[in-house]
Structure formats: structure tokens, C-alpha cells
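Structure, as C-alpha cells:
Every number in this text was worked out from the coordinates using simple rules, so none of it is lab data. Remember, predicted model here, so these are calculated numbers, not experimental data.
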Amino acid sequence: MKPSPETLQRWQSQFAHYQQWLRDWLEPSHLAGLRPRLEFQTGVLAGFALIASILLGVTNCSTESTIQQRLDEDLNASLAEVIPADWHDNDLLQDTLTVASSEFNIGAAETIVYLAKKSGKTTAVCFKLTAPDGYSGAINMIIGIATDGTILGVRVLSHKETPGLGDKIEVAKSDWIHAFVGRSLANLTPAQWAVKKDGGVFDQFAGATITPRKSVQAINRGLQLFKARQAQLLGPE
């Protein structure tokens, strides 16, 4: 259907109007008048961007500080579970050494060791270790060891083991983890550092042998790390 002559005339008139408006808008004199406003708007936008960046930076710094504080609190709580409070008078988070640990297969090439000291003398050490080969993945633990190589405590920090079976490694689920207190490389033979099913002294769980087996093996490797780095950690007597 062709438009009527009146419609064509109206369209032509509107087109001519818009065409003239565009010519006027692009006139140098008009653009020169717009420039101050455009520069002002650009300045305002830049100002808003600067303020937003500052606020974002302040918020990020505040958030990072809060997160680090929470991480430190959690770590302090874990340290307190494996090293008795009366064994040290220093800040464990500030008294550390880093030792090579790749050959012990405890989850890291280097391990941060927290030194417990009383009147300036080292009484115990503490460090994190990992059993990388749990039934459902890595089992992350923390261990406290007296200077004579005796275990003061072990706690599981995180794991993905089967609820109701492998999760008995948690202190909240069973007292299994307490069986390591007082144990050392000196008072157990290598063969005894195993679950009972494998000829060792540590209990396994009904329906979940891999979890305790791998935990025992990792804790044993942690003791081996301490023995190998004992001189470095304790220093001269």
C-alpha cells in the first residue's frame, strides 16, 4: 500500500526539519558553546570515579584487616588446642620458623612452624600438616610436639571424609584423635604407627579404614619432619 501524497509531504517536512536540526547542532559555534558543559560533565564524572575508587580502596583495606584478624583468631584457637597455655608465654603467631618439608609429603614444600617458648626457651613446636590421600581428599591437621618429640595434641582443621564414618577423626565426633597424645617415634616402632587392621596400635573405624589409616601415616610423617629439623627448630641447648 503506497502512502498518500499528504503523508509523503509530512515525512519530507519532518526529514527536512531533522536535517536542519543536525546541521545547526554541528555548527562550530554551537559545539564551542557545548564544550564547557561537556568538560564540566567530564570533570564531574572523573570526580565521582575518584571518590568511588577511594571508597573502594578504604573498604578493601578494612575488609582485608577484618579477614586477617579472623584468620589469626581461628589459628590461635587451633594452636591452643594442641599446645597447653601454660607451656608458653610468647605470641606463637609472631614466633615462627619456616623449614623445608617437601620430602615428607605433608602437603607443602615449606612448612611454617610455630615455636612455643617459656622464659625464652623453646618448649614445644606446632605446625600444620596434610594427609593428601584421604578417602575423599586432603585431610588438613595441626600438631603440637614437645621438644622431646612427644605429641601434645592433634586436631583436624578440615576434611571431606564421609559424614558418620570418616568424620570420626574430628574431636567433636569422637575421641579417636586423642590417642596420639603422648605418642612419639621413640615409644612406638614403625610397624606400630598404623591402624590395628594393618598391625598397628591405632583404631580404625567401622566401614572407614582409609581415613584413619592415612591420618596416622601423615601424623607419623609430621614427627619425622620434626626429628629431621629438630636442631634447626630448637637451636643450641
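Once you sort the root eigenvalues of the Cα gyration tensor of segment 173-220 as a ≥ b ≥ c, which label holds: rounded (a/c under 1.5), prolate (a/b larger than b/c) or oblate (the other case)? Each step should come with its number before you reach the end.
Working: a/c = 1.98, a/b = 1.35, b/c = 1.47.
It is oblate, given that a/c is not under 1.5 and a/b is not larger than b/c.
Can you return the lysines within cross-link range of Lys117? Criterion is Cα-Cα under 29 Å, with same-chain partners fewer than 8 residues away left out.
Answer for Lys117, where 29 Å is the Cα cut-off: Lys128, Lys227, listed by chain and number.
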